[in-house]
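Colleague: My questions will all concern the structure given below.
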Amino acid sequence: MEAIRQIISVKNHSVTVVLPDDFTADKVEVIILPVQNDEYQVPQWQIDQVRERTENYLKNPKNVTDIDDFLKEIEDEL
């Protein structure tokens with residue numbers, strides 16, 4: 001499933017969504033929600049964690065956990 005998220009200005013009680021050229025669905029579901037905060041701030045701890053993980057991956061790209069192994073490890077801990 002492909003999802004597209006956009007923040008769009010409402011003009012005269014209507015919105016226009018322009019889809020990418022490679023979007024091929026014939027039917028879509030539209031959910032309209034008011035934006036609570038135009039300027040979402042990603043927490044610094046999350047930025048730091050993503051940077052650290054990216055750095056670790058770039059240093060050793062072969063030292064990653066396969067998603068299936070990761071999910072099995074979590075399941076085994078339950």
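Colleague: Which of the GluC sites (Glu not before Pro) found in region 7-78 are in a DSSP loop and have at most 16 neighbouring Cβ atoms, other than their own, within 10 Å?
Modeller: Values: sites: GLU29, GLU39, GLU52, GLU55, GLU73, GLU75, GLU77; in loops: GLU29, GLU39.
The qualifying sites are GLU29, GLU39.
Colleague: Let me ask something additional. Taking trypsin sites (Lys or Arg not before Pro) as candidate sites, keep only those in a DSSP loop with at most 10 other Cβ atoms within 10 Å, then name the longest stretch of the chain containing none of them. Can you show the working numbers first?
Modeller: Details: sites that count: ARG5, LYS27, LYS62.
My reading of the result: 28-61 is the longest stretch.
Colleague: Under a straight-distance cross-link criterion of Cα-Cα below 20 Å, which lysines are reachable from LYS72, leaving out those fewer than 8 residues away in the same chain?
Modeller: LYS62
Colleague: Working from Cα positions, state the angle (0 to 90°, nearest 10) between the long axis of helix 44-59 and the longest principal axis of the chain.
Modeller: The two axes meet at around 50 degrees.
Colleague: Which value at 222 nm does the chain reach when only helices count, each DSSP H run of 4 or more adding -39,500 (n - 2.57), with the total divided by all residues and rounded to the nearest 500 deg cm²/dmol? All intermediate terms of the calculation are to be shown ahead of the outcome.
Modeller: Values: 2 runs with 27 residues, N = 78.
Calculated mean residue ellipticity at 222 nm is -11000 deg cm²/dmol.
Since every read-out is calculated from the coordinates, none of them should be taken as a lab result. As the structure is a prediction and not an experimental result, all values here were calculated from the model. Heads up, the Cβs are rebuilt from the backbone with ideal geometry, glycines too, and the neighbour counts pull from every protein chain shown.
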